[in-house]
Amino acid sequence: MKSIFDNTTFGRFNLKSRIIRSGLWESENESQKNLTQEIFKRYGKLAENNVGIIVTELISMYSHDRFSDYSHYINYPFFIKEFREVTDIAHEFDTPIFAQIGFVNCNVNGKQMIEVNDLEIEDIRKIQTDYVIAAKKVAFAGFDGIQLNIGNNYYLSRVMNPFENQREDEYGGNTFNRVRMIIEIIKLIKQTTNLHIHCKVNLYQDRDDSLEICKILAENCADSLQITKFLSPQYFRKGQSNENMLVDFADNVSKEVSIPVVLGGGWSDMDTIQELINTTDIEYLSMYRPFVKSQSFLTEWMENKHGSSKCKTCNNCYWKKSSVCIIDSED
Ligand code: SF4
C-alpha cells in the first residue's frame, strides 16, 4: 500500500513525501528588501516538516506584469542574493526547491498586450531569451528546478490553447506547433543550466488535445508535469466537478507518460489523499492553502497517521501582502 510519506524518486531528487508545496504570491517590501525574516522562517518550517518539494510563490518574468503587487519578479535587483538564502534554508533540510516562473500579459519589443496570433518571430525570440536569462538567475540563486507556469491563464498557456492560437506558421495549427515555443524554451534552458524543468500545464476544454500536449512535453525534455485547470468554468461539462475531471485526467496522463506527474488542486485530508494514490496511478499531489494555515501539518499527519488541514478554503489569504492565514491565530 502506498503512503503519502513513502520515500520516492522524482527526477534526480529523493523526496520525503508525495506532497508538493505550491506557491501563489508573497512579498514584503520593507526596508528596500523583497524577502523578510518572516518569509525565511516560513520556508524553514516548510523545509523541516516533510514536504516533498517546495515550489516558490510566483516569480514574474517582467516587473510590469506582476500577478499582484506583492509577487516577486525576476529582475528585482536583490533576487539572487535573497533567494540564495531561501534555497540554502531548504537544502539545510535536504528539501528540493523549485522557482515558479510565469507571466500573464505579453509586453515585449516595445509593444503592449500582444495577442498570441500577433506575436512576430522576433517577439517569440525575445520571450525565449528572457526565459533563458531568468533560468540562469534561478540557477545562480541555488534552485534545483524551475516550475514553468504554462497553465491557468498564464500567457504561455494561451499559446498552447487551440481556441486562442490560430497561427498559420510553425507556432500554430497542430498540437506540436502550439507547444513548439515552450519546447524550444525548455531545450534552451537545459543547454545552459542543470535545472529540473517542471511544467504546470492545463486540462483545457479539449481533453484529447490536452493529453497530447502533456505527452509532447514529456517526450521533449520536460522532467515533470503538474496538472492544473484552465480557469473557465464554462469549459467544464455539467454534472461533473472540476476536481473529478482533474483527477481523471491526471490519472490518464500518469499512465501515458514516463515522468512524474503532480495533481494540483484543493486537497486537505490525509485519508482522501491516501485513497487517491492507492486507487489511481497518481503519485504526487500539490497543496497550497493548507501550508498557509500551517507549515508543519505534514509532520502532524505523519505522527498521527491521520489528519485534516484546518484551512477553511475561504481564500481570504489571496491577494494579500503575505502568505499568512487571517482567519484565526490557531495553527
Ligand atoms: S485565509 Fe482562509 S484559505 Fe487562507 S489559509 Fe486561512 S482559512 Fe485557509
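What residues qualify as long-range amide H neighbours of residue 228, i.e. H under 5 Å apart, gap of 5 or more or another chain, H built at 1.01 Å from N? So residue 228 has HN proximity to 201, 202, 203. Of the residues 49, 258, 157, the one whose Cα sits farthest toward the positive end of the charge dipole of segment 8-304, with +1 on the Cβ of Lys and Arg and -1 on the Cβ of Asp and Glu, is 49. Per-residue accessible area (protein heavy atoms, 1.4 Å probe) orders 1, 270 as 1, 270, starting from the largest.
In debye to the nearest 20, how big a dipole does segment 1-126 give about its Cα centre with +1 on each Lys and Arg Cβ and -1 on each Asp and Glu Cβ? All intermediate terms of the calculation are to be shown ahead of the outcome.
On the way: 15 positive and 19 negative charges, 97 e Å.
Using Cβ point charges on Lys, Arg, Asp and Glu, segment 1-126 gives about 460 debye.
About its Cα centre, the dipole of segment 60-100 is roughly 160 debye, where the only charges are +1 on Lys and Arg Cβ and -1 on Asp and Glu Cβ.
Taken about its Cα centre, the chain carries a charge dipole of roughly 300 debye when the Cβ of each Lys and Arg holds +1 and the Cβ of each Asp and Glu holds -1.
For residue 209, what charge total do you get from the other residues with a beta carbon under 15 Å from its beta carbon, if Lys and Arg give +1 and Asp and Glu give -1? Each step should come with its number before you reach the end.
Numbers: positive: 158, 178, 180, 207, 215, 229; negative: 164, 206, 208, 212, 256.
So the environment of residue 209 carries a net charge of +1.
Pull up the DSSP beta bridges for segment 22-142 and report the antiparallel fraction as a percent, rounded to 5. It would help to have the intermediate numbers written out before the result.
On the way: 1 of 8 bridges.
Antiparallel: roughly 10 percent of the beta bridges in segment 22-142.
Over the chain, calculate the relative contact order: mean separation of alpha carbon pairs under 8 Å at least 6 apart, over the residue count, as a percent.
Values: 619 pairs, mean separation 57.8, N = 331.
The value is 17 percent.
Summary of packing: across the peptides 162-172, 78-88, the per-residue average of other C-beta atoms within 10 Å ranks them, highest first, as 78-88, 162-172. With contacts taken as Cα pairs under 8 Å at a separation of at least 6 residues, segment 151-204 carries a relative contact order of 34 percent.
Out of all DSSP beta bridges in segment 8-304, what portion is antiparallel? Express it as a percent rounded to 5. Intermediate results must be reported in sequence, preceding the final value.
Working: 4 of 37 bridges.
Rounded to the nearest five, the antiparallel share is 10 percent.
Within the chain, helices built from complete DSSP H runs that reach 20 Å or longer along their own axis (Cα positions) and carry a mean Kyte-Doolittle hydropathy of 0.0 or higher are 121-140, 175-192.
The values are calculated or read from the model by the stated rules, or taken from the named source; none is laboratory data. Since this is a predicted model, take the numbers as computed values, not measurements. Here Cβ is always computed from backbone atoms with ideal geometry, including for glycine, and neighbour counts include all displayed protein chains. Side chains included, ligands, DNA and RNA excluded: accessible areas come from the protein's heavy atoms. Shrake-Rupley method; radii C 1.70, N 1.55, O 1.52, S 1.80 Å.
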